[in-house]
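For reference, the structure is listed below as structure tokens.
The values are calculated or read from the model by the stated rules, or taken from the named source; none is laboratory data. Model, not experiment: these values are computed from the prediction. Positions of Cβ are backbone-derived with ideal geometry, glycine not excepted, and every protein chain shown enters the neighbour counts. Keep in mind that these areas ignore ligands, DNA and RNA; they rest on the heavy atoms of the full protein, side chains included. Shrake-Rupley method; radii C 1.70, N 1.55, O 1.52, S 1.80 Å.
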Amino acid sequence: MKCAPLFRVFHSIFHAYGHPAILSTHRTTLEITTSHELTHRGDCVVAVKSSSAVRDLPVELKRVLSGSSGRGRLRLQVGPFEFTVEGRGDPRLSFSHETDLVVRKSAFISDRTLMIHANKSSIDIPRDMVRLLQDATCRVTVEISATDAGRL
């Protein structure tokens, strides 16, 4: 007889692309955008031309992250490199922004916020990986997963 899992993991996988203006130097945030353009002022942006924004994520994933015990993980993969950041959900998250998805180390919440109290930001991405993210032909795989830590 198989035991049922104690908790479920919800996830979403989509793609984005690099851009020559990616700096990845922001100390408190990491952003992915559906926009095709980027200036050097967007120092938290790590990928553009994303096929998903925060509002496009699956309902169940957003439901888990809108709980105070929700925990999330965002994984970026480009070429041989992989980068993972983990954060917390919050009941105040609206997941309503049409173009952006932002992970924050702080507790600040806006309609673009996916997770707060993250353990990393864009500056933590290894520089060799950032060099690939500066290539507009490089496709970035983005995987977001969420679990309800209250049910662990």
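For the reader, a short list of remarks on this structure follows.
- Residue within the range 99-114 that is more than 17 Å from residue 144 (Cα to Cα), touching a helix residue (DSSP H, G or I) at 6+ places or on another chain (Cβ under 6 Å) and of a type outside the set (S, T, N, Q) present: no
- Boolean, residue 88 is open to solvent by 70 Å² or more (accessible area, probe 1.4 Å), farther than 23 Å from residue 22 by Cβ and at pLDDT 95 or above: yes
- Qualifying residue in the range 28-45 (condition: surrounded by fewer than 21 Cβ atoms within 10 Å (Cβ to Cβ), within 19 Å of residue 115 (Cβ to Cβ) and aliphatic (A, V, I, L, M)): no
- Conditions (1) out of contact with any helix residue (DSSP H, G or I) (no Cβ under 7 Å at 6 or more places or on another chain); (2) small (Gly, Ala, Ser); (3) within 21 Å of residue 12 (Cβ to Cβ); number of the one not met by residue 146: (1)
- Of all the residues in the range 99-152, those that are free of Cβ contacts under 8 Å to residues at least 60 places away in the same chain and either closer than 18 Å to residue 20 by Cα or open to solvent by 50 Å² or more (accessible area, probe 1.4 Å) (or both) number 10.
- Count of residues meeting criterion [over 20 Å from residue 107 (Cα atoms) and in contact with a strand residue (DSSP E or B) (Cβ under 6 Å, 6 or more places away or on another chain)] in the range 66-83: 5
Matching residues to (1) modelled with pLDDT under 95; (2) not basic (Lys, Arg):
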position	(1), (2)
9	yes, yes
28	no, yes
35	no, yes
42	yes, yes
50	no, yes
54	no, yes
63	no, no
80	no, yes
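- Residue that is farthest from residue 98 (Cα to Cα), among those in the range 52-82 that are in a strand (DSSP E or B) and open to solvent by less than 10 Å² (accessible area, probe 1.4 Å): 78
- Residue ID - nearest to residue 100 (Cα to Cα), chosen from residues in the range 20-42 that are in contact with a Cys (Cβ under 9 Å, 6 or more places away or on another chain) and part of a strand (DSSP E or B): 31
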